[in-house]
Amino acid sequence: MGHHKLQRFAENLTFPNLFQVGFEQLEKEGFALKGKWREQFGNDNPITLELGCGKGDYTIALARIHPERNYIGVDIKGARLWRGAKTSNEEQMHNVAFIRTRIELIDRFFAPGEVSEIWITFCDPQLKKPNKRLTSPRFLDTYSRFLAPGSTMHLKTDSQELYDYTLNEVLPTRNVEVIAATNDLYNCQLPTANCHLLSEAKLTQTFYERMFLAQGMPITYIQWKTN
C-alpha cells in the first residue's frame, strides 16, 4: 500500500464528518446516527445522498449551491473520500458528511423517511451483472427503506445501457413518476417548456463527467419521484 494512502487513511480518522463502520460493528451495534442525523447536522434540513461519490466533488458542489440542504456522500474507497472530507472540513462546511461503506449496506445508516433525495452519478454500469446495478430493483428496494414519500432520485451516467435499463426496464415496474429523461443532457431533448427540469443536473459536473464530455460522449439523465 502506498505511503500517501496510509497517510490519508490516518487523516480520515480525524475528520468529524467522515463515518467508517465495519460490517461486524453494524451487525452488533448498529449505527449510532441512524434516525439521529439531525444531531450531526444540527438542523432538520432535508438530506440528500450521493451514492458512489468517489472524491466527493459532486457532493461538495451541491452542498455549496444548496446550503439549505444536508449532503452525504457514500463510497467504499477511503482514499477517495479523504479528498471530500478534507475539503469540507477546511471550508467548514457544516452541511456535508461522508460514509465509507458498501452501498448494499446503506439502509443500515438511515431510519425510515430520513432521506429525501438520492443522486447516482457515473456509477459502474455492471453490464454483465444487472443485480449489482445501483438502479436495479434490489437496490431500489433498499433505498425505499429510508426514503421519505415523494423523494427525488437522479441517475446521471455516460452509460446508454444503464440509462435504457433504468428507464425502460426498471422504472415502469415501480410505483414512481418519471419527471425528466434525456439521453443527451447537454443537448436537451425535452420540449422547451420542460427544459428547466434538467437545470439542476447541469449545475455542476463530476470529474468523470468533465472527462466524458471532453471526449464527446453524451451524458444521460433521469429524474423520478417515489410515491
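The values are calculated or read from the model by the stated rules, or taken from the named source; none is laboratory data. This structure is a prediction, so every number in the text was calculated from the model and none was measured. As a convention, Cβ positions derive from the backbone with ideal geometry for all residues, glycine included, and neighbour counts pool all protein chains shown.
Determine if the range 154-162 includes at least one residue that is touching a Phe, Trp or Tyr at 6+ places or on another chain (Cβ under 6 Å) and of a type in the set (Lys, Arg). Yes, some residue in the range 154-162 is touching a Phe, Trp or Tyr at 6+ places or on another chain (Cβ under 6 Å) and of a type in the set (Lys, Arg). Checked against (1) touching a residue at least 60 places away in the same chain (Cβ under 8 Å); (2) buried (at least 19 other Cβ atoms within 10 Å of the Cβ); (3) over 12 Å from the mean Cα position of the chain (by Cα), Pro125 passes all but a single condition, namely (1). From the list Val115, Val176, the one residue that fits, being modelled with pLDDT of 95 or more, of a type in the set (Val, Ile, Thr) and more than 30 Å from Glu27 (Cα to Cα), is Val176. Taking each residue of the range 47-68 that is more than 14 Å from Ala79 (Cα to Cα) and looking for partners that are buried (at least 23 other Cβ atoms within 10 Å of the Cβ) and of a type in the set (Asp, Glu) with beta-carbon atoms closer than 8 Å, six or more apart or interchain, yields Tyr58/Glu50; Thr59/Glu50; Leu62/Glu50. Taken over the range 124-150, the criterion of being in a helix (DSSP H, G or I) and either over 15 Å from Asn175 (Cα atoms) or touching a Ser or Thr at 6+ places or on another chain (Cβ under 6 Å) (or both) is satisfied by Pro130, Asn131, Lys132. Of all the residues in the range 73-95, those that are closer than 21 Å to Ala10 by Cβ and touching a strand residue (DSSP E or B) at 6+ places or on another chain (Cβ under 6 Å) number 6. Cβ-Cβ distances below 9 Å connect the following pairs, each with a first residue in the range 25-37 that is more than 17 Å from Ile72 (Cβ to Cβ), a second residue that is aromatic (Phe, Trp, Tyr) and surrounded by 11 or more Cβ atoms within 10 Å (Cβ to Cβ), and a separation of six or more residues or different chains: Gln25/Phe31.
If you check Thr135, Thr142 for being out of contact with any Pro (no Cβ under 8 Å at 6 or more places or on another chain), surrounded by fewer than 20 Cβ atoms within 10 Å (Cβ to Cβ) and without any contact (Cβ under 8 Å) to a residue 40 or more places away in the chain, only one passes: Thr142.
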